[in-house]
1. Dipole size in debye (nearest 20) for the range 132-233 around its Cα centre, Lys and Arg Cβ +1, Asp and Glu Cβ -1?
2. With only alpha-carbon atoms in the gyration tensor, what are the semi-axes of the equivalent ellipsoid for the range 75-208, in Å, largest first?
3. Shape call for the range 49-147 from the C-alpha gyration tensor, a ≥ b ≥ c root eigenvalues: rounded (a/c under 1.5), prolate (a/b greater than b/c) or oblate?
4. What shape does the range 133-207 have by the C-alpha gyration tensor, where a ≥ b ≥ c are the square roots of the eigenvalues, rounded means a/c under 1.5, and otherwise prolate means a/b greater than b/c and oblate the rest?
5. Any chance you could run the full-extension gain for Ser127 through Lys164? It's 0.36 nm times the residue separation minus the Cα-Cα distance, nm to one decimal.
6. Given points 7 Å out from each Cα along the Cα-Cβ axis, report the Ile241 to Thr98 separation in nanometres with one decimal.
7. Gap in Å between the Cα centre of the range 233-262 and the Cα centre of the range 180-221?
8. Strictly over 18 Å apart at the Cα level, which of Lys170/Lys196; Lys160/Lys252; Lys70/Lys196 would you flag in this model?
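A short reminder: the numbers here are calculations on the coordinates, not readings from a lab. Owing to the predicted nature of the structure, the values given are computational and were not obtained by experimental measurement. Here Cβ is always computed from backbone atoms with ideal geometry, including for glycine, and neighbour counts include all displayed protein chains.
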Amino acid sequence: MRSFLVPSILLAAGLAFASPGTAQPAAAAAPAPAAAAPAAPAAKAADPTLDATGKPLHQATPGVGEPVDKAFYLQQQVTPTGKEAHDFHNYILVPLITIISAFVLLLLLWVIIRYRRAANPTPSRTSHNTAIEILWTLAPVLILVAIAIPSIKLLAAQFKPAPKGAVTLKAIGNQWFWSYEYPDNGNIQLTANMLKEEGQVGKGQRYRTDADGPRLLATDQRVVLPVGVPIRLVTTATDVIHSWAMPAFWIKLDAIPGRLNETSFVIQKEGVYFGQCSELCGARHAYMPIAVEAVSPAKFAQWVASKGGTMPGAKAEPASTTAIGNDATDATANGAVEAAPTVDATATPAPSNKPATANPAGAGNTGN
Ligand SMILES: [Cu+2]
């Protein structure tokens, strides 16, 4: 973890120096507090996933949790179910289909060459062979049964209800962004919009940097989840069917208006992971990415506190006067991109059940 932190801090600081277009070069040119932040998490309300300038502290490990150029294999899996599925695919399905295809191809070639008219002018008149008929019926049945056993086991694992003590994440699909709620953590709400490229935003607006993640996958707010703790994922949608998909978790769950779908998973490795909406949902379907930052449970509790939320079991904190939500942080870090810092900036963190209404105008892909 430490070796993961240090280079990302340096990189984040370096990027802050290097990007000439940032709205606040003066603030960005102060890397000292950024570097000190993780060592001493002083301020209670500080978001442990962001540096002093509001930029993400952690970057994805190259090749993990994100697509790799020219790759055609499955992403490295960081959940137990994902690992099981990955091994099932790599060590059972792929070898088996390769062997069967090669075997059938060789048989065909042998028949074509050995029994062509020139080589075999008087064909055999055999019409039955009981032994071979039993064999070519029984062999595929046995193969299918052998595949079915781990396959059904895997299917059951993918839809196992979350155990007690799980952290609930509710993902809500909207045309075209994701919004999230943490109903067990004081109903924290956040909205994640895709970050645009430098040339695509107005002056002073936040754009994607490499610290945020890959093009078309980075979001202005990341979903923060703890590692080693079961996560109960609940999905729904406000307009059309979307699908919350995270390849590194082996998760793809449809988000259907008026319904709740549920699954569970455990993230085993800290890091940043990227996914996308995986159900054709309209014109900007390709521009509603998902970014998850998996952190230690302690850091998750810190993050929840920074959002004005509570941990289940802990006593509810009195209404704090600090701003909740990333919007306020974003505004300061990026020269007030979001003109209206949304309801979160008010003094009372009154949880509302309104989904996705806090999507700040001018951010991400709103209004397109
Ligand atoms: Cu969608």
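1. On the way: 11 positive and 8 negative charges, 49 e Å.
Here the range 132-233 has a charge dipole of around 240 debye.
2. Working: eigenvalues 617, 125, 26 Å².
Output for the range 75-208: semi-axes of 56, 25, 11 Å.
3. Numbers: a/c = 9.19, a/b = 2.81, b/c = 3.27.
Judged from the Cα gyration tensor, the range 49-147 comes out oblate (a/c at least 1.5, b/c at or above a/b).
4. Details: a/c = 5.79, a/b = 2.03, b/c = 2.85.
Because a/c hits 1.5 or more and a/b fails to exceed b/c, the range 133-207 counts as oblate.
5. On the way: separation 37, 0.36 × 37 = 13.32 nm, distance 6.31 nm.
This chain segment gains 7.0 nm when fully extended.
6. So the two model labels end up 3.5 nm from each other.
7. Their Cα centres are 19 Å away from one another.
8. On the way: Lys170/Lys196 25 Å; Lys160/Lys252 14 Å; Lys70/Lys196 24 Å.
The pairs that break the limit, which is 18 Å between Cα atoms, are Lys170/Lys196; Lys70/Lys196.
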